[in-house]
Amino acid sequence: MNFWLTVFRQVGRNLRQTWPSQLMTLLTVSLSVLIFAFFYLVYTNMLNIGDKLGDDLRLIVYLEEQPGPEMQEQLRRKITNFDEVEEIHFISKEEAYDRFIKQLAQNKDVLDEMPRDFLPASIEVVPLKTLRGLSQIKLFSDYLAKLPGTIKVQYGQEWVERFYSFTRLLSIVVLLSGNLLILTTVFMVAYTIRLTIMGRQAELELLKLVGATNNYIRTPFLLEGLLQGMLGSTLGLLSLYLLFDWIKMQFSGPGLLSLFDFTFFPYTASLTIIGVSILLCTVGSYTSMQKFLRI
Amino acid sequence: MTMQHPESETVMIEMIKVSKSYPPDVSALSDISVTIDRGEMFFLIGMSGAGKTTLLKLLCSMETPSNGLIEVAGNPIHKLKGTTLARMRQRIGVAYQDFKLLTDRTAAENIAISMEVSYKKPQIIRKRVVDLLEQLDLSDKHNTITGELSRGEQQRVTLARAVANSPALILVDEPTGNLDATTTERVMKLLNKCNSAGATIVIATHDDSIYKDTTHRVMELRKGRIHTVSGGIRT
Ligand SMILES: Nc1ncnc2c1ncn2[C@@H]1O[C@H](COP(=O)(O)OP(=O)(O)O)[C@@H](O)[C@H]1O
Ligand SMILES: [Mg+2]
């Protein structure tokens, strides 16, 4: 009780003495959180979109001839050799014909002249709906094209591929901005705390002389780092939320973007971001403090 | 303070063949051996530069000895670290020759520091501060920034901070340098009171008015060596 009272008094004193640099740190922390969270948010939404696109995405491998059961097994093995897949369907010539008839509906008489086996047999491969599975679709199709007995491989539009390479790029950006977040928060907080320490060198030296324990000296600074992390990240996330809301309003009319519904982070992700920021800031102030206490 | 040896019940300070030299080669103390009992009041005298301050600094581990053994309450103080050292220092009150006051804080805040670090209750701290300021004739300076006090007033605030936490050992460096006779008397009265309450007190001074009639032991240093030890009846 007395301990915390003293700690809070110290924190108040620190804030009063060095509020300009404290404010700078707070802004830096929130800006880094904002940048990171922004890219992360775009990334998660892209993943969502990718999920939807992926639902209809399949590779169709046309075969020279209809494979027997043994051959089917061989092909199945070859395919799963490359990567795990969601599903594999073998479509016989007859099934292909039936499907085509269904698609043509009233116009099915154009097929009257054709033999029932004029369409090639094929394999439908539904890739895994993970980013990795989807982003390797080009490689996968190249691989399938090289299987013995295939005529050609068909899959979704070009832009699907582009979409996935974009998401991959984005994941790198997320990673980089994550690192930026880590570096800036730790260094900025460590730096401000060091400023505070230098400004109060005389007092801290005296505290040691009159028998203050390391915890007594350290706790206010740790608390300060913790506050920086908590306020900074909350501020960053809050401004991102406002930005997000604003953008959503701008595009809420009819348009391409309204096809997908954009979502903000779930609670847990926000809390994780705040938690990690708190941790980083506390670590930052801890390292500064340790340097001082060791002297 | 842990009682590791039976003699630590009666002995507060044990120094055996202690010497201290500052870099590059200033020999501030050499071959000091002295034992100070618990509850003793001990005067350390000598001309300026004799090594009085250095000796006090060794006792509170502000400096480490170059050689020899120092024990305070049975603990080798120069070997203590971290929390153990902190706890030990909470039980040692020091009035520094250069005061070491926080000149941007009030007298009351400065005195409170030594009690805050051992987590005394705020009411108790407040009461003790008022009480000490009263005894040292500084009641009207309670809320004055210490930077604005006179040297003599700062000196008394320093002393008040040293004794505030009721430490077992009080080290006082030139407590009366800037004081007139009446105030000197007040200061000595406070120290005597602490001594009667059981505190061991070491006073470094060159002001003969405070030790000339004393019955306590007086040790004179000259050029870092013990010149004479006089007075007192050791048991
Ligand atoms: N930090 C220091 N560095 C170098 N020499 C010092 C230091 N402190 C004290 N001295 C020297 O040690 C000697 C004893 O000093 P001090 O203990 O302050 O004496 P006193 O307190 O009796 O006046 C002096 O010669 C002084 O110059
Ligand atoms: Mg001196």
Computed E for A:Tyr241/A:Leu128 - FRET, C-beta separation, R0 30 angstrom, nearest 0.05: 0.40
Net charge over other residues, Cβ less than 13 angstrom from the Cβ of B:Lys121 (K, R count +1; D, E count -1): +3
Shielding by other protein chains, B:112-118, mean Cβ within 10 Å: 6
Heavy-atom SASA rank of B:Ile70, B:Ile226 (probe 1.4 Å, accessible area, largest first): B:Ile226, B:Ile70
Net charge, B:Leu132 excluded, C-beta distance under 15 Å - Lys, Arg +1, Asp, Glu -1: +3
Virtual paramagnetic centre 7 Å along Cα→Cβ of A:Lys78, amide N under 20 Å, in the stretch A:24-63: A:58-63
Label zone at B:His216, where the point sits 7 Å out along the Cα-to-Cβ direction: the stretch B:127-145 residues whose backbone N lies under 19 Å: B:135-136
B:Tyr22 paired with B:Asp104, simple spin-label distance in nm, labels 7 Å along Cα-to-beta-carbon: 2.8
Residue-count net charge about B:Ala162 - beta-carbon cut-off 11 Å; Lys, Arg +1, Asp, Glu -1: +2
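For peptide A:213-221, compute the average count of partner chain beta-carbon atoms within 10 Å of each residue's beta-carbon.
Details: counts 11, 3, 2, 6, 2, 0, 0, 0, 0.
Mean partner-chain Cβ count within 10 Å for A:213-221: 3.
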Angle between chain B longest axis and helix B:181-196 axis [Cα atoms, degrees, rounded to 10]: 70
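Taking Cα pairs under 8 Å and at least six residues apart, what relative contact order does the stretch B:131-209 come out at, in percent?
On the way: 74 pairs, mean separation 27.2, N = 79.
After rounding, I find 34 percent.
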Relative contact order %, chain B, counting alpha carbon pairs below 8 Å whose residues are six or more apart: 27
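Taking 8 Å as the Cα distance limit and 6 or more residues as the minimum spacing, I'd like the relative contact order of the stretch A:58-154 as a percentage.
Numbers: 125 pairs, mean separation 48.3, N = 97.
Taking the mean separation of contacting Cα pairs over the length of the stretch A:58-154, I get 50 percent.
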222 nm mean residue ellipticity, helices alone, for chain B (DSSP H n ≥ 4; -39,500 (n - 2.57); rounded to 500): -9500 deg cm²/dmol
Nearest 10 degrees, 0 to 90: helix B:107-116 Cα axis against chain B principal axis: 60
Inter-label distance for A:Glu70 and A:Ala269, nm, one decimal - labels placed 7 Å from Cα along Cα-to-Cβ: 5.2
Whichever lysines have a C-alpha closer than 24 Å to that of B:Lys212, once near sequence neighbours (fewer than 8 apart) are set aside: B:Lys52, B:Lys189, B:Lys193, B:Lys223
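Before rounding to the nearest 500, sum -39500 (n - 2.57) across all DSSP H runs of length at least 4 in chain A and divide by the residue total; then give [θ] at 222 nm in deg cm²/dmol.
Details: 9 runs with 210 residues, N = 295.
Rounded to the nearest 500, it is -25000 deg cm²/dmol.
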Carbon + sulfur, % of accessible area of the protein assembly as shown - ligands and nucleic acids excluded, 1.4 Å: 58
Proximal lysines relative to A:Lys108, as straight alpha-carbon distance under 20 Å, when same-chain residues fewer than 8 apart are discounted: A:Lys93
Qualifying lysines (Cα of each under 20 Å from Cα of A:Lys146; at least 8 residues distant if same chain): A:Lys78, A:Lys138
Label point distance in nm, A:Glu86-B:Thr84, each placed 7 Å from Cα along Cα→Cβ: 6.6
Residues in the stretch B:8-30 reached by a label modelled at B:Thr64 [backbone nitrogen below 16 Å; 7 Å Cα→Cβ]: B:19-23
Rounded to 10°, Cα long-axis angle of helix A:93-104 versus longest principal axis of chain A: 80
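The values are calculated or read from the model by the stated rules, or taken from the named source; none is laboratory data. Owing to the predicted nature of the structure, the values given are computational and were not obtained by experimental measurement. No Cβ is skipped: glycine too gets one built from the backbone with ideal geometry, and neighbour counts run over all protein chains shown. For accessibility, only protein heavy atoms count, side chains too; no ligands or nucleic acids. Shrake-Rupley method; radii C 1.70, N 1.55, O 1.52, S 1.80 Å.
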